[in-house]
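The values are calculated or read from the model by the stated rules, or taken from the named source; none is laboratory data. What you are looking at is a predicted structure, and each value in this text was computed from that prediction instead of being measured. Here Cβ is always computed from backbone atoms with ideal geometry, including for glycine, and neighbour counts include all displayed protein chains. These area figures cover heavy atoms from the full protein model, side chains too; ligands, DNA and RNA do not enter into them. Shrake-Rupley method; radii C 1.70, N 1.55, O 1.52, S 1.80 Å.
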Amino acid sequence: MKKKTIRDIDLKNQRVLLRVDYNVQVENGRIVDDTRLRESLPTINELRRAGACIVICSHRGRPRGGVDESLRNAPVALHLTELLGVPVRTAQDCIGPDAEAQAASLRPGEVLMLENVRFHPEEEANNDEFARALARLGDVFVNDAFGTAHRAHASTVGVTRYLPSVAGLLLEREVDYLTKVTDSPERPFGIVLGGSKVSDKIAILENLTKCADVICIGGAIANTFLKARGIDVADSLVENDGIAGARYIMALAEHRGDIEIVLPSDVVVAFGGAEGALVRTVSVAQVPVNWRILDIGPGTVQNFATALQRCKTVVWNGPMGLFEREPFDRGSMAVARVLGELRSATTVVGGGETVAALRRAHVAERISHVSTGGGASLAMLQGKPLPAVDALLDA
Ligand code: ADP
Ligand code: 3PG
Ligand code: MG
């Protein structure tokens, strides 16, 4: 990576403002998948070894600029305490007098975690005053939040105007690996896309039709494509604003001729919500009125497997269904196994929830690169710059 890293600066007695991506799901006070925490440990341990005090900053979820009790960072700090074996203190907010006093009182090796930075609308607006307030908490800024590197926010880009800013070890490792894969992917190049950030991903697909040979679409995003094809998806999550985009993508693929788009042919549908629901597997043409699609079916998994078999590079982002709830995890588990069995292809799986699904399927060790970034790795695939990386000091 052509950027300075924590290896290039003197950290002794320095207060480090460390941006990480701990955007993880918490259920009943417990972290569903702690990959993003574990992956940040080499950087934290190295900072501690070098004699720095550490102020950790992260977002969680999309609280839209206000306090959301379910998105506090406290459970994450508790789990990090277990992983590090040293207490991780917490601040009431990510800026202001309490955070500043606690940051100032840290001794070398000590760790403080700030409250969810997205509780302030100024974070996503990349507000300058807010960035300055964050910068008051450190002498240097270290960015290890690869998963958030595609966002130009106050805590990823804004702070770099006020502090010398370098990369952490995870950010470096991710950018180095993904640059190799995405600059000139070995073909045929397959993409599996799912998940729920529909509008984000439709824009991404438009660009990916330029470089991919096979695109398999599952998850909530597939509903929008099915609807664009005139299929009645009943109560399924659909982004109506995305229908025109989905039509355009399918037309583009048809025009190109040599790109294969695989949509679900069968789906798992539920009535009455995910809890205690009635569940059936049906053809996409037969989604019953008032039911909703919550996973892809076994026929679809088979079609994805067939299409991906010939690929030399496969990238997967976004779960195939509501994998947090059984039995809607089966499609994601099966796709994870399909990727694990592609022995002659380079496989990359990225995204907070996608990696959680991958780990649950116990195939992570058979994947070439497991990335902490979903949107960030897709941005690299499209050849887009990562603003949070660009903002760091050049090597
Ligand atoms: P990642 O974190 O891997 O980048 P996303 O954040 O885009 O992936 O999406 C993950 C979420 O998508 C999961 O919480 C999952 O439950 C949800 N999801 C996937 N398919 C569906 C569906 N058909 N209906 C509702 N939610 C879905
Ligand atoms: C992610 O989980 O993809 C990152 O943390 C970014 O989250 P965002 O899409 O809400 O910015
Ligand atoms: Mg996610």
Solvent-accessible area per residue for the chain (1.4 angstrom probe, square angstrom): 41
Considering Cα pairs under 8 angstrom that are at least six residues apart, work out the relative contact order of the stretch 307-376 and quote it in whole percent. 35
Simple spin-label estimate for Leu237 and Arg64 in nanometres, 7 Å along Cα-Cβ: 1.5
Rounded to the nearest 500 deg cm²/dmol, what is the calculated helix-only ellipticity per residue at 222 nm for the chain, with -39500 (n - 2.57) per DSSP H run of length n ≥ 4? -9500 deg cm²/dmol
Folded to 0 to 90 degrees: helix 298-308 orientation relative to the chain principal axis, Cα: 70
Pairs beyond 19 Å (Cα-Cα), from Lys210/Lys384; Lys2/Lys210; Lys3/Lys210; Lys227/Lys312: Lys2/Lys210; Lys3/Lys210; Lys227/Lys312
Compute the label zone of Glu27 within the stretch 343-357: residues whose backbone N is under 17 Å from the point 7 Å along Cα-to-Cβ. 352-357
Helix 330-340 sits off the longest principal axis of the Cα atoms of the chain, rounded to the nearest 10 on a 0 to 90 degree scale, by 80
Compute the FRET efficiency between Ser196 and Asn13 as 1/(1 + (r/R0)^6), taking r as their Cβ-Cβ distance and R0 = 41 Å, and round to the nearest 0.05. 0.40
To check you understand DSSP bridge types, tell me what percent of the beta bridges within the chain (both residues inside) are antiparallel, rounded to 5. 25
Net lengthening on full extension, Asp176/Glu275 (0.36 nm per residue, minus Cα-Cα): 31.4 nm
Given a 1.4 angstrom probe, I'd like the percentage of the accessible area of the stretch 132-280 that is carbon and sulfur, rounded to a whole number. 50
To the nearest 20 Debye, how big is the dipole of the chain about its Cα centre, given +1 on the beta carbon of each Lys and Arg and -1 on that of each Asp and Glu? 640
Length gained, Arg229-Lys384, 0.36 nm per residue minus C-alpha separation, equals 52.9 nm
Quick one: pull the percent of accessible area on the stretch 324-395 belonging to carbon and sulfur, 1.4 Å probe, ligands and nucleic acids left out. 44
If you line up the long axis of helix 74-84 against the longest principal axis of the chain, both from Cα atoms, how many degrees apart are they, to the nearest 10? 80
Quick check on packing: order 313-326, 205-218 by the mean number of other C-beta atoms within 10 Å, highest mean leading. 313-326, 205-218
